[in-house]
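Report on the following structure.
The values are calculated or read from the model by the stated rules, or taken from the named source; none is laboratory data. Source: prediction; values computed, not measured. Counting neighbours? That spans all protein chains shown, and the Cβs are built from the backbone with ideal geometry, glycine included.
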Ligand SMILES: [Zn+2]
């Protein structure tokens, strides 16, 4: 009998640590999530990663040689070549941590690390809404606004391996300060927190959630519709610049607020058609991401296969 081979994908977020066992065809056979806030510091988190992987192997009655490797998606700038976490903007205490080496020492498994949005981009490209195209841009909308870029059939990483920060494209020269040190960045307008701030003020409801804002818009509330349209226009303006430069054929948008649906997506597309140059605008299609919260784990499979040349 041929031995079963899997990879373990781990996706660290500000809220959850997700882990999954994936077969080589990209199917998740088992997954689990833990709250990130259960762990107080870097060392506790690393211990949690190690235990999760060990538990998985035990519970599935696998042996070490059933596991090809561990892939980790991490929320910050990562040196994926050397396996180093530079820092996490939303989890304190990480400063140039050689995570690949640490995990390999403790688990004795080949381990590869990358930025979480890079892995989501790879997953949507190979198995999701970006299947079959050579040039694609992926945008993830959440508390942070992230991005990943596929150029000519490869993930584009940039000179210091930190390319793709679409959330930090400035859309307003004199706009408000952003966490990144810049001004008027896209994230400063369409990050969850800022949409909520604006919507709560306009709808005079201090407890409004983004789900409620979406529901209001679907029920025809004009202010809610207007807020999603303004958001769609801002995303569209930033993407128009990117589309003019990169000439992608697909833009994939994921993350929580992509659930706002048609009201948001049609405004993004309309703005793109109006603001990007005609040749570029004509060939680009905007689609919602397909893989949802599994994308990071599936991306980890692609990372491990790529690094091990499988
Ligand atoms: Zn910024």
Task: Search result, residues across the range 33-56 that are over 25 Å from residue 145 (Cα atoms) and free of Cβ contacts under 8 Å to residues at least 40 places away in the same chain - done: 40, 43, 44, 47, 48, 51, 55
- [ ] Taking residue 82 as meeting all but one of (1) touching a residue at least 40 places away in the same chain (Cβ under 8 Å); (2) under 16 Å from residue 160 (Cβ atoms); (3) surrounded by fewer than 18 Cβ atoms within 10 Å (Cβ to Cβ), write down the number of the exception.
- [x] (1)
Open item on the list: Residues that are under 30 Å from residue 246 (Cα atoms) and touching a strand residue (DSSP E or B) at 6+ places or on another chain (Cβ under 7 Å): list the helices (runs of 4 or more DSSP H) wholly contained in the range 37-144 that include at least 2 such residues.
Closed with: 116-127
- [ ] Would you please name the residue that is nearest to residue 75 (Cα to Cα), looking only at residues in the range 117-143 that are within 16 Å of the ligand (Cβ to nearest atom) and buried (at least 23 other Cβ atoms within 10 Å of the Cβ)?
- [x] 117
- [ ] Could you check, for the range 277-293, whether at least one of its residues is at pLDDT 95 or above, touching a helix residue (DSSP H, G or I) at 6+ places or on another chain (Cβ under 6 Å) and surrounded by fewer than 15 Cβ atoms within 10 Å (Cβ to Cβ)?
- [x] yes
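Residues are listed down the side, and each one gets a yes or a no for (1) within 15 Å of the ligand (Cβ to nearest atom); (2) within 17 Å of residue 303 (Cα to Cα):
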| residue | (1), (2) |
| --- | --- |
| 155 | no, yes |
| 162 | yes, yes |
| 168 | yes, no |
| 176 | yes, no |
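Which residue out of 262, 274 is at pLDDT below 95 and more than 16 Å from residue 120 (Cα to Cα)?
Of the residues listed, the single one that is at pLDDT below 95 and more than 16 Å from residue 120 (Cα to Cα) is 262.
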- [ ] Find the residue count for the range 181-203, including only residues that are free of Cβ contacts under 8 Å to residues at least 12 places away in the same chain and more than 8 Å from the ligand (Cβ to nearest atom).
- [x] 4
- [ ] State all residues of the range 235-250 that are in contact with a helix residue (DSSP H, G or I) (Cβ under 6 Å, 6 or more places away or on another chain) and farther than 23 Å from residue 175 by Cα; if no residue qualifies, say none.
- [x] 247, 249
